[in-house]
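See below for the structure under consideration.
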Protein chains: 2
Amino acid sequence: MTTTPAARVPQEERSRVMRARLMEATVDLLVEKGFAGTTTTLVSERAGVSRGAQLHHFPTKNDLVLAAVEHLTAVRGAELAAAAAALPSGSRRTRAVLQMLGDHFTSPVFTAALELWVGARTDETLLAAVAPLEQRVGRETHRLTVECLGVDEQHPGTRELIQATLDLVRGLGLATTITDDTRRRSRILDEWARVLDRELKEKP
Amino acid sequence: MTTTPAARVPQEERSRVMRARLMEATVDLLVEKGFAGTTTTLVSERAGVSRGAQLHHFPTKNDLVLAAVEHLTAVRGAELAAAAAALPSGSRRTRAVLQMLGDHFTSPVFTAALELWVGARTDETLLAAVAPLEQRVGRETHRLTVECLGVDEQHPGTRELIQATLDLVRGLGLATTITDDTRRRSRILDEWARVLDRELKEKP
DNA sequence: CAACAAACAGTCAAGCCTGTCTTTAAAGAG
DNA sequence: CTCTTTAAAGACAGGCTTGACTGTTTGTTG
């Protein structure tokens, strides 16, 4: 035989797969080794892609990380939307929404995003790419939360309480990266749900 | 002249000064360049200390960073205590306490601490040093907040509300490192102060 | 004042990361 | 079937960081 006639994959598809493998390896490594520990060499090894191929698709490390940021953004959106769809209804809904947010902000995707935020803080180029994306995600998350809770954003104070809720879970997520205290988190969210229900129910 | 008889400093003092210079330079660089960007070479340059002297006091980078963590912890405590002492009394006290916390969690010391947290997440050794210190600081901050607000921690729910408040400002601090939106932060704290006063006043 | 120890200074080699370069294989077009 | 273009592979050099090493100055102690 001269060449294997079986494997006949169009180059567009090949590229897509390669890029996906590289981006996913990047996100994995962000979680595992942190931003600084995510070297291009490790990424290509982890992805099972040769260094040449990697540099063909992503000429510089920034190109790779930027692509990974976009990829991550998409994953984050999908994950959250899925969780929102599976939300129960009834009296415990507020608590369930908080649980969903809490889970999301302690998941690996959050960890990877955290590494990017902190990395972007001292990297001009990365910041330019991360900031707008993050703003979009933030707005989308806000919208989703409002929708899940079924509250009226026009009512004064409501918008701020939702924002506070999101900042709270962000803070909880950050704390979790160092010491994972699930019970503590749970109690806080219990109480927060109570406050939220009370404050928001008066403004239907 | 043979030697300048004027400068006669005991070695203990010299060491102390040198170490302090190095630790402060380290903290500065953490803010400016991030954890990964804080190289030992940069630190010695910034501190105006020779490389030899640096390695004499801190044989490895970890030794240096660990010392910086402790130093930072002390600074954080002092800063917060000072802010607490200057707190006004009266009806707007709750808001003032939140402002104090908000300011603290957006200050350079917080930024440096953030870099250490994130760095420690993927560095076994660093984590072992940061985690216990952070727990101490956390408890101390909690205690201080309770004291400033003058609330009764025994009352069910109060403890969780205080914890939530601290996690909220932590989240706000994290968000600020990417996009500094002072007005947004201010409105959120306004609203939270209102809620807090209402929730806590019922439990004197 | 003399000997010792600590503090300080600066150089050096090893290892790692990034990105360039050359070469080979595969796909698409004529 | 051949030619061109794109994808993939792997070696290579330049730059940077870390920590070890040698030598010098300064303080302390007998």
Mind checking whether some residue in the range B:145-156 is away from chain A (no Cβ under 12 Å) and buried (at least 21 other Cβ atoms within 10 Å of the Cβ)? yes
Among the helices (runs of 4 or more DSSP H) confined wholly to the range B:119-204, which include 2 or more residues that are closer than 28 Å to A:G34 by Cα? B:124-149, B:158-178
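Would you mind stating whether B:L30 is in contact (Cβ under 8 Å) with a residue 40 or more places away in the chain, within 15 Å of DNA strand D (Cβ to nearest atom) and more than 14 Å from chain A (Cβ to nearest Cβ)?
So B:L30 fails the test.
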For B:Q54, indicate whether it is on the phi < 0 side of the Ramachandran plot, of a type in the set (S, T, N, Q), at pLDDT 95 or above and within 10 Å of DNA strand D (Cβ to nearest atom). yes
If you take the residues in the range A:34-64 that are more than 9 Å from DNA strand C (Cβ to nearest atom) and of a type in the set (A, V, I, L, M, F, W, C), which one is most open to solvent (accessible area, probe 1.4 Å)? A:F35
Is at least one residue of the range B:107-124 modelled with pLDDT of 95 or more, more than 16 Å from DNA strand C (Cβ to nearest atom) and away from every other protein chain (no Cβ under 14 Å)? yes
Restricting to the range A:65-77, name every residue that is among the aliphatic types (A, V, I, L, M) and open to solvent by 60 Å² or more (accessible area, probe 1.4 Å). A:A74
All positions within the range A:187-204 that are at the interface with chain B (Cβ under 10 Å from one of its Cβ atoms) and not basic (K, R): A:I188, A:L189, A:D190, A:E191, A:W192, A:V195, A:L196, A:E199
What tally of residues in the range B:178-201 results from selecting those that are crowded, with 18+ Cβ neighbours inside 10 Å and over 14 Å from A:G138 (Cα atoms)? 10
Any residue that is more than 16 Å from DNA strand D (Cβ to nearest atom) and more than 18 Å from A:A20 (Cβ to Cβ) - is there at least one of those in the range A:59-80? yes
Is it the case, given these coordinates, that B:R93 is within 30 Å of B:R194 (Cβ to Cβ) and open to solvent by 50 Å² or more (accessible area, probe 1.4 Å)? yes
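What helices (runs of 4 or more DSSP H) lie completely within the range B:1-117 and have 1 or more residues being of a type in the set (V, I, T) and under 21 Å from B:H142 (Cα atoms)? If you could, list the steps in order and put the result at the bottom.
Numbers: elements: B:11-37, B:40-47, B:51-57, B:61-85, B:93-104.
Fully inside the range B:1-117 and qualifying: B:61-85, B:93-104.
The values are calculated or read from the model by the stated rules, or taken from the named source; none is laboratory data. Just so we're clear, the structure is a prediction, and the values are computed from it rather than from any experiment. We place every Cβ from the backbone using ideal geometry, glycine too, and count neighbours over all the protein chains shown. Quick note on the areas: whole protein, heavy atoms, side chains included, nothing else; ligands and nucleic acids left out. Shrake-Rupley method; radii C 1.70, N 1.55, O 1.52, S 1.80 Å.
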